[in-house]
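Participant: Below is the structure I would like to discuss, written out as structure tokens.
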Amino acid sequence: MTAPIITDGFHAKHMYCRMTARKARFVADQIRGRSCNEALELLEFAPHRAAYFFKKVLISAMANASQDEDVNVNRLYIAECRADEGPMLNNRLRWRPGPQGRAMPWAKKTSHLIVTVKELQDA
């Protein structure tokens, strides 16, 4: 008889997403702690651009969990969902013309989207 393997969860990441982390955190806060099926339904109809990216990452995390035979995919919930800041595109500021001949800095930001799912344990 083998002991059950306790996992730290199943992860999926989208690195260097071409979106600011501040805008992505709004969607991350909405789905954190929800069941995966409920979160997928919420992301399907969310009007935010980040919802599309988080939906793809969540589907990937659920597919990673389905590789384990002991995991019931219908009992998964989102244990961790976050949007961290990534590097600026090409690691530098861009410049746009400003008033009176000045130059105004302009950053093309990226973010790292991370989703971790775990199986709900019986109480």
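The numbers here are math on the coordinates, done by the rules we state, and not lab data. Since this is a predicted model, take the numbers as computed values, not measurements. Cβ sites come from the backbone with ideal geometry, for glycine too, and all protein chains shown count toward neighbours.
Participant: If you scan segment 66-114, which residues turn out to be over 14 Å from residue 20 (Cβ atoms) and of a type in the set (S, T, N, Q)?
Facilitator: Scanning segment 66-114 gives 66, 67, 72, 74, 90, 91, 100.
Participant: Identify all residues within segment 94-123 that are among the charged types (D, E, K, R), surrounded by 11 or more Cβ atoms within 10 Å (Cβ to Cβ) and not in a loop (DSSP other than H, G, I, E, B); write none if there are none. Steps first, please.
Facilitator: Step one: filter segment 94-123 for residues among the charged types (D, E, K, R), giving 94, 96, 102, 108-109, 118-119, 122.
Now narrow it down to the ones that are surrounded by 11 or more Cβ atoms within 10 Å (Cβ to Cβ): 94, 108-109, 118-119.
Result: 94, 118, 119.
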